[in-house]
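Working notes, structure below.
The values are calculated or read from the model by the stated rules, or taken from the named source; none is laboratory data. For clarity, every value in this text was computed on a predicted model and none was experimentally measured. Reconstructed Cβ throughout: ideal geometry from the backbone, glycine too, with neighbour counts over all protein chains shown.
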Amino acid sequence: MAAKDEGHIERISGPVVNAYLPGARLYDVVRVGEAKLLGEIIKIVGNTSVIQVYEDTSGLRPNEPVESTNQPLSVELGPGILTSIYDGIQRPLAVIEEMAGGVFITRGINAPPLDRKKIWEFKATVKKGAKVKVGDVLGTVQETDLIEHRIMSPHEGKIDDISSGSFTIQDVIGTLSHEGKKYPLTMVQRWFVRKSRPVIEKFPPTIPLITGQRIIDTFFPIAKGGTACIPGPFGSGKTVTQQSLAKYSDTQIVVYIGCGERGNEMTDVLKEFPHLIDPKSGKPLMMRTVLIANTSNMPVAAREASIYTGVTIAEYFRDMGYDVALMADSTSRWAEAMREIGGRLEEMPGEEGYPAYLARRLAEFYERAGRVRCLAGEERYGSVSIIGAVSPPGGDISEPVSQNTLRVTKVFLALDASLAYRRHFPAINWLKSYTLYADGLEEYYSEKVSTDFTKMIKNAMALLQKEAELQEVVQLVGPDALPEKEQAVLMVTKMLREDYLQQNAYSDVDARCELKKQYNMLKTITRFGERTNASLDLGVQLKRISELKVKATIGRMKEIKEEKEFEKLAKDIDASFDDLLKR
Amino acid sequence: MKEYKTITEIAGPLVVVSDVSGVGYNEIVEIMLPNGERRKGQVLDVSKNMAVVQVFGPTAGISTTQTTVRFLGETMRLGLSTEMLGRVFTGLGEPRDKGPRVIPKERVDITGLPINPFSREMPNEFIQTGISTVDAMNTLVRGQKLPIFSGAGLPHNQLTVQIARQAKVRGTGEKFAVVFAAIGITHEEASYFMRDFEKTGALENAVLFLNLADDPSVERIITPRLALTTAEYLAYEQGMHVLTLITDMTNYCEALREISSARQEVPGRRGYPGYMYTDLSTIYERAGKVKGSKGSVTQIPVLTMPGDDKTHPIPDLTGYITEGQILLSRDLHRKNIYPPVDPLPSLSRLMNSGIGDKKTREDHKGVSDQLYAGYANGRDLRSLSAVVGEEALSATDRRYLRLADEFEKRFVQQGPYENRDIEVTLDLGWELLSLLPEEELKRVKREHIPKYMKKKYTL
């Protein structure tokens, strides 16, 4: 190796190391010290490189060697990613456990992200002599029972030869020539994590990401390729909401980033996902999942990288033509990692000590979402939807991370601690949340569900808003002072809150609710509300209505499995009211 | 070993040593004062010829000319052995009782290494604390970290001691070893803990690290790490179930701020350093259960919220790392209710994995959720009834009001030596729920109502 690629340590301060390393390039990965700790150059002043080290720097001394790999921080992409569990810099945690020979992550450990020895069945889909563009599918590998891994061409050119068969990821599966140069083809490629993978075109959001969560799908839908943020104080259910979305949303691939979060919570995900069954295929959900776990006590620089590692993997699967959901829990921890490193670099801080480039970094990250036509000669579409959790200090969203996130995301799911206290889950506040995708998705809803769905949703939301106003009056004078019509509003909204918005993530039947069932449930409540109003006009006392037995049946409609039962319930409601009117 | 007499700067707890070479980051140093006294310190920042050392202890008496600094060539380590059980140590790990020095079986770096998330086991064994509000509504499980958020003047010490005394996993004869770290608490408080440990015989199975209010504040950075290193040793090497009590984390954070400001770092919120979250996580995350080991580390840190403010950086950052919190309420304390645990803002994130059929009882979750919802509703109605009067409320609402009152008096309230089995607690819960009309009981399974609601509540 040339002399210019080696240097030595000059100064150590926490995770930041200064090294004499002439000729180094910004963002190249380096090996620091005798322990060969992994680091990345984040600043260069003259011959001194400032390095953020991804491992604990205790015991490092000045004058220890520093070596550049002359490569930027990148991820390895190929068969074997799915079902893996990585740390923030794509080290496979299962392999690390074996290498470390214990439960702790020892320093200087390094393992290739993808299994070098595993044999995959490669099926070529292009023929010898075919002309391919960058991104064209060369062949496929059945990576898991659920997902077919499409091997995409890293170059443009003519296929000289290609063969199906059993290969490891490093074996040459064929060759390609372009302008007189020959390129060997393998099933693995690398991509620089800080740069987004190119696409041909991005499309406006018109297809909803069906999450199976009533409050989201009905009132605050997210589009495929869209962005959403979930801010909330601790204990309001951010993680449970994120996990529900990961489990039940209708995407083919899920990338879940545990960024600076709790170890035991990651274990919960790690233990639960392999046992969760994909409702469509009957196979474990893990088969379509990539987990990135960089818990809060793991090195802070790797936490900073974890978000990029995750989104790059998500883009890779998008490019194969899949719909990908990326969960980032939590982006606040990511921002704090930037702050911490910025502080060590003695950068001039912006608001609340965060670096001045916080807003740009957040925007860049969310901008990597989208529904796209993938880069390829052939026509292929995929999407990455990003759902980021934000953990604002004290639950106050006026802080910089929340505010800068709100500026770039289109759906805001406001978690509310007071709802969580009364065990109203998901604790999403329906008055504070919003979505900017509703208009774009209206057509889909009326085509695929029912033409009156949107109108019903708007009416229900109007009632909930009315309830908030009425509650203020009730606080002053008590509920009995309200006119019966308004008391009826309170009765119906209570039904909406308890029997519709609340959803039990731990119930087998209720954890995921299909759009059609959502429609039926909302229709049931709407019907009850309309009949109530009509009956009051005809002089029936509200007290009589509130004593109706059918109310209890509505209260248990979450457990309904078949559509027929909703028809029966509708008849029951009509019968009950007809009966009231007769008396 | 390298010795230097080249101190060039002394500021607060920090000392700058020049013309050094080969010094490692986080290395431990020994400082010898002109009068022969020795103090320890740690390297915080090192460059080619200069090291910044943080001194554990006062910097009074250190001079730039007559003080020798010796770099020990290793990071802070603690000698470990099972002989430590039953002993009391200082905040730096020196014997504090009159016993002999411990002969270590192994010496371990106190910063600890992060547990591989892949190697963790999900905590799911129910720990019965005998306290209804904890067991029924904020269940503690083995390997969890569940802090107590308290305020000045609230009985968190009594509660901590009661938990340490009563905690057990039912059906097993296994006992907890207790590791207790006192950070900056007063002599009086420390002796309260000691007395209670002695009285109940818990001391035999306990290791105590005491950094008291008049001990140097920089030591406070070390004390919890010593305690957790010991806890990890007992748990993962010796297969014991260790309950780690740390009080008071607020003092730890104050020490962190003090050092940060001495280092002239850019302050984050309220002057606390920007890396406080990461720093706290390296303490709290050292709880858990791991593959291939019988033992576990359960943590109950205590912190006093300045001004009872839950959004203050200390409780806030803690809450984001720990798996829930037990919040003590001044209102309940004023009503003379012990333990004044307010269940509404309290939370145990691992509760669902530790309860249910075969672990506690099949109706546990339903009862807990129903009590939560009922008590929350009753509390809301209290403010309403204060305005409009109880008579203006509907009959159902009046029942909720009654539930909230009786819940506090019967369920929350219990004696400091009252140890309630989970069945007693749940039965009591059902009894209280009988105050509500049956159609309001939406959170419990319908079939559980006739099965468990044996006794109607009598006022």
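One residue stands out in region B:136-169 among those that are more than 30 Å from B:GLY307 (Cβ to Cβ) and touching a strand residue (DSSP E or B) at 6+ places or on another chain (Cβ under 9 Å): the one that is surrounded by the most Cβ atoms within 10 Å (Cβ to Cβ), namely B:GLY143. Candidates are the residues of region A:214-252 that are in a loop (DSSP other than H, G, I, E, B) and more than 13 Å from the chain's Cα centre (by Cα); the one that is farthest from the other protein chains (Cβ to nearest Cβ) is A:PRO221.
Of everything in region A:86-116 that's assigned to a loop (DSSP other than H, G, I, E, B) and among the acidic types (Asp, Glu), which residue is farthest from the other protein chains (Cβ to nearest Cβ)?
If we filter region A:86-116 for residues that are assigned to a loop (DSSP other than H, G, I, E, B), which is where we start, we get A:87-91, A:101-103, A:105-116.
Those still in the list that are among the acidic types (Asp, Glu) too: A:87, A:115.
Numbers: A:ASP87: 8, A:ASP115: 15 Å.
Step by step, filter region A:86-116, then rank; the result is A:ASP115.
Of all residues in region A:340-364, those that are away from every other protein chain (no Cβ under 13 Å) have Cβ atoms under 6 Å from Cβ atoms of residues that are modelled with pLDDT of 80 or more, 6 or more apart or on another chain, in A:ALA359/A:ASN404; A:LEU362/A:ASN404; A:LEU362/A:THR405; A:ALA363/A:VAL408.
Can you confirm whether region A:309-323 contains a residue that is part of a strand (DSSP E or B), more than 22 Å from B:TYR320 (Cβ to Cβ), outside the structural domain of A:GLU148 (by TED's automatic domain parsing) and in contact with an Asp or Glu (Cβ under 9 Å, 6 or more places away or on another chain)? Among the residues of region A:309-323, at least one is part of a strand (DSSP E or B), more than 22 Å from B:TYR320 (Cβ to Cβ), outside the structural domain of A:GLU148 (by TED's automatic domain parsing) and in contact with an Asp or Glu (Cβ under 9 Å, 6 or more places away or on another chain), which makes the answer yes. Restricting attention to region B:287-306, does a residue exist that is in contact (Cβ under 8 Å) with a residue 40 or more places away in the chain, away from chain A (no Cβ under 11 Å) and in a helix (DSSP H, G or I)? Checked against the condition, which is being in contact (Cβ under 8 Å) with a residue 40 or more places away in the chain, away from chain A (no Cβ under 11 Å) and in a helix (DSSP H, G or I), region B:287-306 yields at least one hit. Restricting attention to region B:194-211 and to residues that are free of Cβ contacts under 8 Å to residues at least 60 places away in the same chain and not basic (Lys, Arg), the residue that is farthest from B:ARG165 (Cα to Cα) turns out to be B:GLU198.
When residues of region B:20-32 are filtered for being surrounded by fewer than 23 Cβ atoms within 10 Å (Cβ to Cβ), more than 7 Å from chain A (Cβ to nearest Cβ) and touching a strand residue (DSSP E or B) at 6+ places or on another chain (Cβ under 7 Å), how many remain?
At the first step, the residues of region B:20-32 found to be surrounded by fewer than 23 Cβ atoms within 10 Å (Cβ to Cβ) are B:20-22, B:26, B:28, B:30, B:32.
Checking the rest, the ones that are also more than 7 Å from chain A (Cβ to nearest Cβ) come to B:20-21, B:28, B:30, B:32.
Applying the additional criterion that residues be touching a strand residue (DSSP E or B) at 6+ places or on another chain (Cβ under 7 Å) yields B:20, B:28, B:30, B:32.
So the answer is 4.
The combined condition, being surrounded by 15 or more Cβ atoms within 10 Å (Cβ to Cβ) and closer than 16 Å to A:GLU64 by Cα, is fulfilled by B:LYS48. Among the residues of region A:14-51, the one identified as in contact with a helix residue (DSSP H, G or I) (Cβ under 6 Å, 6 or more places away or on another chain), within 14 Å of chain B (Cβ to nearest Cβ) and over 19 Å from A:TYR308 (Cβ atoms) is A:GLY14. The one condition from (1) over 17 Å from the mean Cα position of the chain (by Cα); (2) crowded, with 17+ Cβ neighbours inside 10 Å that B:THR250 does not meet is (1). Identify the residue in region B:268-287 that is under 14 Å from A:ARG339 (Cα atoms) and of a type in the set (Ser, Thr, Tyr) and, among all such residues, is surrounded by the fewest Cβ atoms within 10 Å (Cβ to Cβ). Going through the qualifying residues, I end up with B:TYR272.
Give, as residue ranges, the helices (runs of 4 or more DSSP H) completely inside region B:324-412 that count at least 3 residues that are without any contact (Cβ under 8 Å) to a residue 60 or more places away in the chain and not hydroxyl-bearing (Ser, Thr, Tyr). Break it down stepwise before answering.
Numbers: elements: B:330-334, B:351-354, B:364-388, B:395-406.
Ranges flagged: B:364-388, B:395-406.
For region B:440-459, the set of residues classified as over 36 Å from the mean Cα position of the chain (by Cα) and within 22 Å of A:TYR506 (Cα to Cα) consists of B:GLU440, B:ARG446, B:GLU447, B:ILE449, listed by residue number.
If I filter region A:462-470 for residues that are touching a residue at least 24 places away in the same chain (Cβ under 8 Å), more than 14 Å from chain B (Cβ to nearest Cβ) and more than 30 Å from B:GLU391 (Cβ to Cβ), do I get at least one hit? Yes: region A:462-470 contains one or more residues that are touching a residue at least 24 places away in the same chain (Cβ under 8 Å), more than 14 Å from chain B (Cβ to nearest Cβ) and more than 30 Å from B:GLU391 (Cβ to Cβ). For the criterion of being buried (at least 21 other Cβ atoms within 10 Å of the Cβ), among the hydroxyl-bearing types (Ser, Thr, Tyr), within 12 Å of chain A (Cβ to nearest Cβ) and out of contact with any strand residue (DSSP E or B) (no Cβ under 7 Å at 6 or more places or on another chain), B:THR322 fails.
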